Amino acid sequence: MNAPLWEERPLPQQLHDSLPAWDWELHRAADLTTSRTELQAKVLDAGVPPGDIADGVERLLLAYEELASNGFRHGQAPVQTAVTAAGDGWLIDVTDAAVDRTPAPAVDRDPATGGLGLYLIARLCAAYGWSVIAGRKHVWGYVALTPAT
């Protein structure tokens with residue numbers, strides 16, 4: 001039997017304790033666009049490892065936008081996002097106050113109506129999950145510099 005696509009898993013502590021961390025609080029849709037642009041600048045300014053990292057950064061930005069927009073659309077304010085550089089990638093942690101609404105991938109839905117974000121995160125991230133910590137739902141994904149298999 002296969003494990004569910006999105007199951008409750010705690011944040012990877014060894015990754016969460018890494019630095020630097022960048023964070024944003026989202027109040028409106030424009031905040032998501034602004035934070036994504038700032039994230040790109042911060043990652044590139046942080047001195048990412050040498051070599052061709054364009055693919056890794058693009059996957060990070062896409063995963064960030066998917067997780068943050070889900071928090072914004074389906075969560076409960078305040079929605080907070082954090083990205084932590086860790087080892088050979090980045091940990092994205094999106095929190096909101098809707099602890100009773102767990103991540104649930106769309107089933108039997110026309111792809112034209114959306115609902116594919118959690119499937120996309122599962123493809124983009126080397127690890128992902130969600131948990132409730134101190135009255136906040138955390139939905140997270142770890143994006144490695146090299147693509148997940």
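The values are calculated or read from the model by the stated rules, or taken from the named source; none is laboratory data. Model, not experiment: these values are computed from the prediction. As a convention, Cβ positions derive from the backbone with ideal geometry for all residues, glycine included, and neighbour counts pool all protein chains shown.
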remark   = Restricting the stretch 1-25 to residues that are more than 20 Å from S131 (Cβ to Cβ) and surrounded by 14 or more Cβ atoms within 10 Å (Cβ to Cβ), the one modelled with the highest pLDDT turns out to be W24
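Identify all residues within the stretch 63-74 that are of a type outside the set (A, V, I, L, M) and out of contact with any Ser or Thr (no Cβ under 8 Å at 6 or more places or on another chain); write none if there are none. Steps first, answer last, please.
First, pick out the residues of the stretch 63-74 that are of a type outside the set (A, V, I, L, M): 64-66, 69-74.
Residues satisfying the conditions are E65, E66, S69, N70, F72, R73, H74.
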Pairs where the first residue, in the stretch 89-110, is over 18 Å from L62 (Cα atoms) and the second is polar (S, T, N, Q), C-beta under 7 Å, 6+ apart = D96/Q76; A97/Q76; A98/Q76
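Being without any contact (Cβ under 8 Å) to a residue 40 or more places away in the chain and either over 21 Å from E7 (Cβ atoms) or not hydrophobic (A, V, I, L, M, F, W, C) (or both): is that true of R123 here?
Details: without any contact (Cβ under 8 Å) to a residue 40 or more places away in the chain: yes; either over 21 Å from E7 (Cβ atoms) or not hydrophobic (A, V, I, L, M, F, W, C) (or both): yes.
So R123 passes the test.
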